[in-house]
Amino acid sequence: MNEPGRPESPGEGADSHETRHGGRPARVFTGPGVPDPGLFSRVAPLLPHLVASARYHLPPVLELFLQTLLNGLAVGSLYALIALGYTMVYGILKFINFAHSDVFVLGAWVSYEVTRIAGWGGPDHPAPWWAGILVLIIAMFTCAIVGFTIERGAYKPLRRAPRLNVLITAIGVSLLLQNLGQLDFIFGTRPQGMPTLLPDRVLAEIGGHPAVVGPDGVVIANEVAPVLVRLVDVVGSATALLLMFVLDRLVFKTKMGRAMRAVSYNPGTAALMGIPVDRIISITFVIGATLAAAAGFLYSQKYSGLNQPAAPVWVLLGLKAFVAAVVGGIGNIRGAMLGGILIGLLEFFGATYIGPELKDVYVFGLLILVLLFRPGGILGSAAVEKV
Amino acid sequence: MRTKRSVVGWMSAAIAALAVAGATGMVSAQDTIKVGHYGSMTGKEATFGQSTDNGIKLAVEEFNAAGGFNGRKVEVITYDTKGESSEAGKAVTRLVTSDKVIAVLGEVASTLSLAGGAVCQEKGVPMISPSSTNPAVTRGRDYVFRVCFIDPFQGLVVAKFAHENLKAKKVAVLYDQAQTYSKGLRDEFKKHFTAMGGTISGDEAYSSGDQDFSAQLGKIRSGAPDAIFVPGYYTEAGNIALQARKLGIKVPLLGGDGWDSEQLAKIGGEAIEGCYYSNHYAPDQKGELVEAFVKKYQSKFGATPDGLAALGYDAANILFDAMKRSKSLGGKDLRDAIAATKDFKAVTGTITLDKNRDAQKSAVVVEMKGGKPVYAATVEPTKK
């Protein structure tokens with residue numbers, strides 16, 4: 001891996017940054033990165049103010065705040081993407097699809113496998129600018145097929161069974177996917193490093209100060225690295241937000257969206273109105289799986305070290321996305337988006353300002369509070385159980 | 001109804017298949033000497049268990065090829081712990097009570113060895129941990145041994161290296177609060193490094209399996225350290241290196257033997273270059289035993305052995321050595337024979353088991369260069 005979008009040319013990225021900081025006798029590290037700045041070089045002229053990796057000075061308090069905000073939004077938008085799948089399936093079938101987080105993992109790992117097979121990554125094999133888009137599409141397509149298969153194979157036969165049966169089946173499907181993923185000829189049991197395929201470079205450096213070197217060459221004060229705003233994070237969040245916007249339009253402005261809402265409201269009546277309920281359910285699963293795949297790909301771009309498919313970290317991520325869906329109001333699409341971003345921000349602000357040791361506590365604490373005081377979720381309405 | 005019946009049919013077929021498989025397994029294993037191994041064959045630390053298992057298998061193969069134990073062959077039974085303590089206890093119980101192994105080898109992670117050691121102690125079956133470095137693993141358990149050095153020594157090694165070789169004055173620590181191993185290393189490092197006159201410029205924690213370290217690294221960043229000590233395991237270490245570089249932190253990261261896996265470079269890539277960790281051995285180290293071991297391992301498994309493979313190999317060989325010296329293969333006799341191990345020439349150094357059943361031996365520090373660990377320094381144990 002080479003430094004993202006940082007060719008050897010002076011005046012760009014790490015090199016200039018190093019000279020500007022100067023004087024520090026330590027080795028120069030290059031960060032993880034993107035093979036090729038191709039896409040960026042096309043877009044670059046449009047961003048004249050950001051290209052020069054502008055440096056801003058802010059008080060340290062604001063620096064930390066800004067960094068936390070950016071991270072919270074980036075991860076929150078991924079939670080939101082996953083939460084949408086939970087909430088859509090719940091809205092229509094009134095059960096929690098526990099296998100959903102495994103579809104997300106599948107998305108991340110398919111992205112890795114495609115990249116590996118294509119041989120992208122590393123300084124010798126830079127990925128073309130369209131690599132990210134292609135990988136994203138393949139991951140979405142694979143997960144769509146898997147999502148469809150899961151629905152047809154595992155859930156559809158249980159349509160008339162009690163809801164508990166479906167729930168237990170979902171856990172079974174989840175375990176099946178986790179353990180299949182660990183097979184050597186699928187993904188294996190080893191964590192892997194995912195090359196960055198999205199365009200990356202430093203957009204802005206905020207704060208920090210260079211090393212202070214005394215007259216005799218002795219370092220008096222070490223360099224404090226600045227907060228870096230990276231293009232890859234911006235592109236990742238933007239993609240997530242774009243997908244959410246498209247989904248929102250799809251559900252609220254199209255005929256199919258109306259059909260989905262009708263099935264969610266009352267499947268029986270919807271069927272009487274001539275809506276093909278089974279097809280609508282399948283479409284819902286496919287959309288959910290596609291969004292999860294996108295989240296998986298974007299996640300692999302943000303956190304290049306991919307944990308193995310059955311690692312607890314994935315389960316925890318899935319759970320947090322589920323919490324996001326509940327906090328926003330399960331069954332409510334805009335609620336899931338809001339919940340996701342809220343959970344992401346809460347997690348990161350808690351970690352920075354209270355302590356990272358209790359990161360998960362903030363998220364699940366919020367869940368308890370929401371369930372106590374607003375059981376329907378923030379945007380949901382408390383449902384009256386019909387007897 | 002049809003669906004239901006076919007599911008039942010499938011299940012009974014599966015159970016029958018399992019029963020047959022189990023029965024055949026039992027028949028073939030009657031006249032061999034059984035040794036148990038419990039390790040993380042899958043899960044987050046999968047390479048640990050797999051490497052150790054490869055090392056053990058290599059030792060067993062050699063031992064059997066050389067005639068075995070008075071003509072009887074040794075058979076290893078490996079159970080997966082998935083890297084979870086609850087599984088470790090179950091695996092060891094199964095090895096001891098149902099497979100009736102004469103001794104148990106494992107685990108790598110200290111937390112898991114503590115769980116497995118409790119069972120071995122209770123049942124009076126000797127256990128040799130190849131690579132659990134936390135002191136508590138062998139404390140008060142006279143049936144539990146290890147062939148690696150312990151955390152206080154490893155903490156000292158890294159502190160000494162940071163102070164003397166890197167000339168670091170300020171070091172930040174980022175440790176795994178969910179792992180006994182990581183906490184132990186952090187405590188020892190802090191103690192020794194401050195005693196040498198260094199300052200700890202940040203002390204942050206994460207939990208195993210965390211994927212985002214930006215909050216912790218953000219705080220460490222403002223302390224402007226000369227190096228960051230990350231006494232965790234390779235998955236997190238690789239991720240931490242990646243995120244540190246992404247945040248613009250350029251100083252080297254330091255680690256312990258938990259970093260030792262070829263996946264470290266696969267995850268960390270460029271970000272991990274120029275980082276150091278203390279280890280049990282370096283594959284490019286000189287020495288007859290090391291070179292022979294690396295060659296045999298490479299031809300059998302097609303990979304360079306990591307420290308865990310070497311320790312698995314050593315642990316098995318120490319057990320075989322003790323078996324030859326032991327009066328019988330009963331738990332107590334075997335225990336006494338293992339305890340008497342002295343100046344045993346092993347791949348990871350000359351091993352003498354002290355009165356705490358810990359190995360007294362040297363450590364090496366390796367640097368990540370071109371995606372491979374390269375020998376950087378040797379640190380000898382201090383004589384007390």
All positions within the range B:222-252 that are closer than 23 Å to residue B:199 by Cβ and either acidic (Asp, Glu) or more than 10 Å from chain A (Cβ to nearest Cβ) (or both):
B:226, B:228, B:229, B:230, B:231, B:232
Being touching a residue at least 40 places away in the same chain (Cβ under 8 Å), of a type outside the set (A, V, I, L, M) and either open to solvent by less than 40 Å² (accessible area, probe 1.4 Å) or in contact with a strand residue (DSSP E or B) (Cβ under 8 Å, 6 or more places away or on another chain) (or both), is that true of even one residue in the range B:85-97?
no
Note on the range B:35-62: residues over 16 Å from residue B:310 (Cβ atoms), open to solvent by 10 Å² or more (accessible area, probe 1.4 Å) and either of a type in the set (Ser, Thr, Tyr) or part of a helix (DSSP H, G or I) (or both) are B:42
Considering A:212, A:166, A:202, A:135, which residue is within 28 Å of residue B:46 (Cα to Cα) and either crowded, with 22+ Cβ neighbours inside 10 Å or not small (Gly, Ala, Ser) (or both)?
A:135
Only one of B:219, B:266, B:191 is part of a helix (DSSP H, G or I) and more than 9 Å from every other protein chain (Cβ to nearest Cβ). Can you tell me which?
B:191
First in the range B:110-130 and farther than 24 Å from residue B:258 by Cβ, second anywhere and of a type in the set (Lys, Arg) and assigned to a helix (DSSP H, G or I), Cβ under 8 Å, 6 or more apart:
B:124/B:332; B:124/B:335; B:126/B:335
Go through (1) within 9 Å of chain A (Cβ to nearest Cβ); (2) at pLDDT 90 or above; (3) open to solvent by 10 Å² or more (accessible area, probe 1.4 Å) for residue B:276 and report which single condition fails.
(1)
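Conditions tested, residue by residue: (1) in a helix (DSSP H, G or I); (2) crowded, with 20+ Cβ neighbours inside 10 Å; (3) at pLDDT 95 or above.
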residue	(1), (2), (3)
A:310	no, yes, no
A:325	yes, yes, no
A:335	yes, yes, no
A:351	yes, yes, no
A:376	no, no, no
A:382	no, no, no
List the helices (runs of 4 or more DSSP H) that sit entirely inside the range A:175-272 and contain at least 3 residues that are at pLDDT below 90.
A:231-253
Long-range neighbours under 8 Å by Cβ, at least six apart or interchain, first residue farther than 21 Å from residue A:292 by Cα within the range A:123-143, second charged (D, E, K, R) and at pLDDT below 95
A:126/A:36; A:127/A:36; A:128/A:36; A:129/A:36; A:129/A:42
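Looking at this structure, is residue A:317 under 17 Å from the mean Cα position of the chain (by Cα) and buried (at least 18 other Cβ atoms within 10 Å of the Cβ)?
Here the answer is yes, as residue A:317 does meet what is asked.
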Enumeration of residues in the range A:310-324 that are more than 8 Å from chain B (Cβ to nearest Cβ) and touching a Ser or Thr at 6+ places or on another chain (Cβ under 8 Å)
A:314, A:315, A:318, A:319, A:321, A:322
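The values are calculated or read from the model by the stated rules, or taken from the named source; none is laboratory data. What you see is a predicted model; the values in this text were computed from it and never measured. Quick reminder, even Gly has a Cβ in these numbers, built from the backbone with ideal geometry, and neighbours come from all protein chains shown. Please note that ligands, DNA and RNA were not included when accessible areas were found on the heavy atoms of the full protein model with its side chains. Shrake-Rupley method; radii C 1.70, N 1.55, O 1.52, S 1.80 Å.
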